[in-house]
1. Which members of the stretch 303-319 meet the condition of being acidic (Asp, Glu) and either assigned to a loop (DSSP other than H, G, I, E, B) or closer than 24 Å to ASP45 by Cα (or both)?
2. Quick one: which of ALA327, ALA322, ALA276, ALA271 is in contact with a strand residue (DSSP E or B) (Cβ under 7 Å, 6 or more places away or on another chain) and in a loop (DSSP other than H, G, I, E, B)?
3. For ILE262, which of the numbered conditions (1) free of Cβ contacts under 8 Å to residues at least 40 places away in the same chain; (2) surrounded by 18 or more Cβ atoms within 10 Å (Cβ to Cβ) fails to hold?
4. Of the residues that sit in the stretch 129-144 and are within 18 Å of the chain's Cα centre (by Cα) and over 18 Å from ILE105 (Cβ atoms), which one is surrounded by the most Cβ atoms within 10 Å (Cβ to Cβ)?
5. Which is part of a loop (DSSP other than H, G, I, E, B), within 14 Å of the ligand (Cβ to nearest atom) and among the hydroxyl-bearing types (Ser, Thr, Tyr), of SER93, SER59, SER51?
6. Counting just the residues of the stretch 46-68 that are farther than 19 Å from GLY101 by Cβ and in contact with a Lys or Arg (Cβ under 7 Å, 6 or more places away or on another chain), which one comes out least open to solvent (accessible area, probe 1.4 Å)?
7. Quick one: would you say ALA119 is buried (at least 24 other Cβ atoms within 10 Å of the Cβ), more than 13 Å from the ligand (Cβ to nearest atom), assigned to a helix (DSSP H, G or I) and free of Cβ contacts under 8 Å to residues at least 60 places away in the same chain?
Amino acid sequence: MTNFGNDVQFGIYKHMQAPDPNRLPMRYEDWEQRARDILDDGPYDYVAGGSGAEETIQSNREAFKRWQIVPRVFRHVEKRNLKLGLYGCMLPSPVMVAPIGVQSIIHSEGELASARAAASVGVPYIASSASSHSMEEIAEAMGDAPRWFQLYWSRDPQIAKSFVERAEQAGYTAIVVTLDTPMMAWRELDLQNVYLPFLIGEGIGNYLTDPAFRSGLEMPPEEDAMGAIMHWTRVFGHAGLTWEDLAELKKTTSLPIILKGILHPDDAKLALQYGADGIIVSNHGGRQVDGAIAALDALPAVVEAIEGRIPVLMDSGIRRGADVFKAIALGAKGVLVGRPCMYGLAVAGETGVRHVITNLLADFDLTMALSGCRDLKEINKEMVIPASR
Ligand code: FNR
């Protein structure tokens, strides 16, 4: 039990007499603006943008506004417990860093900086298949800190198998299989910018270091970078997968398998039927199907379908402590945070990501306290109502 939010607040206010004129932003909007100022159009739009008219991005935020917290009082909330037990690990909070690829386009240290930041606060880091650094390098940067590996299931089964084996060996303790991206969606800003970072060799660190990938090349990537990139375009996605393939994947690993990108309750039921160990309700931060259901709107029906049998997590649109609270109230065990961490990375590398995570946790802790909750278990459906507007 801690009073984390207050500690972070007063760690800031104690500098009242002489605040650092170069201090980092506090508000999500200011982080984003700073990132916008620093980055070129290509990398900025790649991170900030979504598919189509970006209506899914908007819906993700609007969904949070349609729920309101109803605080309770007189509940002895001096100290709170934010800890979450998940897959045999006790996590310090219900927050995780979402898998995000190609981080080298926004900061020279890329995923290594984000992973170090997550490790320094004990928040699990989910390493993307599409990282610029290899999963082994990321693991090394993290020491013993908790980490999961996100799998983009390659069309080449040997590569998919090899990724999972490597992840297991490098100390990742769960496999997050992303199901909403067998191919890239229609992303108008990237098309307008004619910008796809993979084609300049960013975001393929796991592939270039993979024996199964390399065995499919005529020449090693060190001698023919373009050949390797073109091979990547052929093996990256796999639109032919079906539920039966999940059974095959389960045979290759003893790690928990968590399916990311579930939005329909019937898919949640299938996930149970085919042996998934967890679900992440997500629309990929509005980067895949435009005009799709907001992840938060999809959450209650998925939670109902799962009946508490496996953990349900969510992402897409988490920006502040109140968002974390609402997602948990609607049945998520925990949440993943995407773009906020990326703006922190772009602006201030490892320090920036640490600031973003720490401040989000402080905000969430204070939201809990001020809503009358001492423990995550007390955050339930009774704590929120649909907004009357
Ligand atoms: C992503 N996301 C993502 N997801 C995944 O499973 N593998 C990946 O490699 C990536 N790459 C990626 C790159 C960028 C630039 C972004 C913004 C997002 C999706 C990510 O894990 C998460 O679902 C969303 O970012 C959550 O939405 P918010 O928090 O960004 O609104």
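The values are calculated or read from the model by the stated rules, or taken from the named source; none is laboratory data. What you see is a predicted model; the values in this text were computed from it and never measured. Note: ideal-geometry Cβ built from the backbone for every residue, glycine included; neighbour counts use all protein chains shown. Ligands, DNA and RNA are stripped out before the accessible areas are found, and what is left, the full protein with its side chains, is counted by its heavy atoms. Shrake-Rupley method; radii C 1.70, N 1.55, O 1.52, S 1.80 Å.
1. If the condition is that a residue be acidic (Asp, Glu) and either assigned to a loop (DSSP other than H, G, I, E, B) or closer than 24 Å to ASP45 by Cα (or both), then GLU307, ASP315 are the ones that fit.
2. Result of the check over ALA327, ALA322, ALA276, ALA271: ALA276.
3. (1)
4. MET135
5. That would be SER51, the only listed residue that is part of a loop (DSSP other than H, G, I, E, B), within 14 Å of the ligand (Cβ to nearest atom) and among the hydroxyl-bearing types (Ser, Thr, Tyr).
6. PHE64
7. Spelling it out, it is not the case that ALA119 is buried (at least 24 other Cβ atoms within 10 Å of the Cβ), more than 13 Å from the ligand (Cβ to nearest atom), assigned to a helix (DSSP H, G or I) and free of Cβ contacts under 8 Å to residues at least 60 places away in the same chain.
Each row is one residue, and each column tells you yes or no for (1) away from the ligand (no atom under 16 Å from the Cβ); (2) open to solvent by less than 30 Å² (accessible area, probe 1.4 Å); (3) under 27 Å from ARG147 (Cα atoms).
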| residue | (1), (2), (3) |
| --- | --- |
| PHE213 | yes, yes, yes |
| MET219 | yes, no, no |
| MET230 | yes, no, no |
| THR252 | yes, no, yes |
| ILE258 | no, yes, yes |
| ASP266 | yes, no, no |
| GLY285 | no, yes, yes |
| GLY291 | yes, no, no |
| VAL302 | no, yes, yes |
